[in-house]
Amino acid sequence: MATAIVTGSSRGIGAAIALRLAKDGFDIALNDISEKMFENNDIIENITAQGVMCEKFIADVSDHAQCEQFVKDVKAKFGTIDVLVNNAGITRDGLLARMSEESFDTVIAVNQKSVFNMTKFAGSVMMKQKSGRIINLSSVAGLYGNAGQFNYSASKAAIIGMTKTVAKELGSRGITCNAVAPGFIKTPMTDKLTDAQKENILRLIAMRRYGSVEEIAGVVSFLASKDASYVTGQVIEISGGLSM
Ligand code: NAD
């Protein structure tokens, strides 16, 4: 049985990806920053109902040492690490002129350094296996920038550079690395937008609707599948035609 790690997967896009990969037959290593995130939450039952193994691993993915232990624990529990989805992410929005150093550093640590941490340790396991799939969650903010998201856009653009570098460094070991760049997807992250912001965004989307978490999970599922075995170093925008 193959194993997939999905970071930040107690809810939102991460939970949808974990469920979809479970439906695809992967055993699932869930992750989030605290036990609390899994309270009043049926993600584990939904995944085990697919007939696969599932365990949650509490770790702060911005912390290098915690990621090393997390990857060791997953390897000990499941034996292999076949797919890594770097999904955990946060926003601390604000205009650059008013952005605090703390909100810049925190977003870079959680969104960007986490990809370094997890890819280094899980990638090392995959190199020994001579196979693996790494899928990173970037964003349209990383491709085009977004006013009020200097820190977030920086972290999501960096993920694209890291994705292409990993694809080049690990390709000869049978490991692919790709990114998806979601547009506006209905999750707790986007529920925080004001009605006026939501209206303005819808006008920019060719399909005139937000995406669903399942629509992100479907593309991640493809990138983790045999059908994507010769796809690496790519960024797939999933935005309903936000920018064309
Ligand atoms: P979300 O806030 O619903 O979920 C993010 C999860 O990550 C949460 O469960 C959170 O607790 C967890 N997390 C945060 N910090 C963590 C840490 N240090 N260690 C471990 N887990 C941590 O967000 P979402 O909308 O589901 O977004 C998932 C990913 O997709 C993020 O990387 C986000 O930037 C990206 N994305 C989202 C959208 C969107 O429209 N929602 C658009 C583009 C990209």
**Fill in**
Considering segment 103-149, residues that are touching a residue at least 60 places away in the same chain (Cβ under 8 Å) and more than 13 Å from the ligand (Cβ to nearest atom), and then whichever is farthest from the chain's Cα centre (by Cα), we arrive at Ala122
**Prompt:** Looking at Val166, Val220, which one is open to solvent by 20 Å² or more (accessible area, probe 1.4 Å) and hydrophobic (A, V, I, L, M, F, W, C)?
**Reply:** Val166
**Request:** Among residues belonging to segment 223-241 that are within 11 Å of Ile185 (Cβ to Cβ) and touching a helix residue (DSSP H, G or I) at 6+ places or on another chain (Cβ under 8 Å), point out the one that is surrounded by the most Cβ atoms within 10 Å (Cβ to Cβ).
**Result:** Ser239
**Asked** Which of the following residues is in contact with a helix residue (DSSP H, G or I) (Cβ under 7 Å, 6 or more places away or on another chain) and over 18 Å from Lys75 (Cα atoms): Asp24, Asp42, Asp32?
**Response** Asp24
**Request:** Need at least 2 residues that are acidic (Asp, Glu) per element, so show me which helices (runs of 4 or more DSSP H) inside segment 179-225 make the cut, counting only ones lying wholly within it.
**Result:** 195-204, 213-224
**Fill in**
Restricting segment 193-225 to residues that are of a type in the set (D, E, K, R) and without any contact (Cβ under 8 Å) to a residue 60 or more places away in the chain, the one farthest from Gly142 (Cα to Cα) turns out to be Asp195
**Item:** segment 169-190, subset out of contact with any Ser or Thr (no Cβ under 8 Å at 6 or more places or on another chain) and near the ligand (Cβ under 9 Å from one of its atoms), residue most open to solvent (accessible area, probe 1.4 Å)
**Value:** Pro188
**Prompt:** Can you find even one residue in segment 81-88 that is more than 9 Å from the ligand (Cβ to nearest atom), under 17 Å from the mean Cα position of the chain (by Cα) and among the acidic types (Asp, Glu)?
**Reply:** yes
**Message:** Condition first: within 20 Å of Lys130 (Cβ to Cβ) and either within 16 Å of the ligand (Cβ to nearest atom) or touching a Phe, Trp or Tyr at 6+ places or on another chain (Cβ under 8 Å) (or both). Now tell me which residues in segment 208-236 satisfy that.
**Reply:** Leu223, Ala224, Ala228
**Asked** Can you find a residue in segment 81-95 that is more than 20 Å from Val180 (Cα to Cα), in contact with an Asp or Glu (Cβ under 9 Å, 6 or more places away or on another chain) and small (Gly, Ala, Ser)?
**Response** no
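The values are calculated or read from the model by the stated rules, or taken from the named source; none is laboratory data. Please read all numbers here as calculations on a predicted model, not as lab measurements. FYI the Cβ positions are ideal-geometry reconstructions off the backbone, even for glycines, and counts take in every protein chain you see. When the accessible area is computed, the model is the full protein with side chains, heavy atoms only, and any ligands, DNA or RNA have been set aside. Shrake-Rupley method; radii C 1.70, N 1.55, O 1.52, S 1.80 Å.
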